[in-house]
Amino acid sequence: MSKLESISDAVTRILFKNRACRINRTDWLSKTLTPYLLPEDVQNIEYLRPEEMVSQEVINLVANQVIEEHARCSSLISGGLALVGRSALALSTPTDLTQYWVELSLVAQKLAYLYGWDDFFFNESATEETLARLTLIIGYGLGIYSCQDPLIASAHDTLPRVSDLYTIKELSTNRNDNLKLISQALAQLAKPIFAGLVAKRTPIWGVALAGATNYFNFKHVAKRMQIVLEEVMFTRLEEEEFF
């Protein structure tokens, strides 16, 4: 199984089985952007993109806040699981990896909505299009740079259909990408194991190690997702201005 297929499989298990991992675009943007909006814009948030209502500075500010919030949440959970790992490593390791994927999926959705994407869900249900979007966005965040082209191509459509623009086989990573991604996956897997072992001797250091490693890894991936989504938005805005 390729790394992209692994990402697709992880997103499928999270989204299609857990409704709590799905972000409703209108509800979330209304709650998040209301402090920055005029009263009349709040009523139209379902039909307008954020860049039509607030400045680019506000969008980036909120995006950074989203990344920071979820990075901290993931690192706190990871730190707590390091303590559990002292006596139940087999339980804490898969739980830590699962919560990491859940937080990444939530950030990907929120960032996409901030940078102008429509709702990822049809009648509140996850679809193949949902899976395609999240696979490519998270895939780019994890360093699969071939995911960039279909994401940029989607900017040419008012309602992008990413699932029509790629197949997993077409985006097979090269050897260097695979080595890099495998090392990232191993680092993420080894982190709770090593932290759990440290926690057996010095619990405070084990918690700190797990939390800090998770925080910086998560933030690095999320920042890459932000960069590509911002680029997609600018591509779309340039095209709209041209025509």
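Between Glu57 and Glu238, with labels modelled 7 Å along Cα→Cβ, what's the label distance in nm to one decimal, could you check?
That separation, rounded to one decimal, is 2.4 nm.
Report the accessible area of Thr213, computed with a 1.4 Å probe over the heavy atoms of all protein chains in place, in Å² rounded to the nearest 10.
Here the accessible area works out near 60 Å².
Which peptide among 45-58, 112-125 comes first, and what is the full order, when sorted by highest mean count of other Cβ atoms within 10 Å?
Top of the packing list down: 112-125, 45-58.
Please give the length that would be gained between Ala153 and Ala20 if that part of the chain were fully extended, namely 0.36 nm times their separation in residues minus their C-alpha to C-alpha distance (nm, one decimal).
Length gained, Ala153 through Ala20: 44.9 nm.
Could you report the accessible area of Leu237 in Å², rounded to 10, computed with a 1.4 Å probe on the protein chains as they sit in the structure?
Using a 1.4 Å probe on the heavy atoms, I get roughly 60 Å².
In Å and on Cα atoms, what radius of gyration and Dmax does segment 109-148 show?
Cα only, segment 109-148: 10.6, 32 Å (Rg, Dmax).
Quick check: with the 1.4 Å probe, what order do Arg19, Arg133 take by accessible area, largest first?
Result, largest first: Arg19, Arg133.
The values are calculated or read from the model by the stated rules, or taken from the named source; none is laboratory data. Worth saying up front: this structure is predicted, and the values here are computed from it rather than measured. For neighbour counting, all protein chains shown are included, and Cβ atoms are generated from backbone atoms with ideal geometry for every residue, glycine included. Quick note on the areas: whole protein, heavy atoms, side chains included, nothing else; ligands and nucleic acids left out. Shrake-Rupley method; radii C 1.70, N 1.55, O 1.52, S 1.80 Å.
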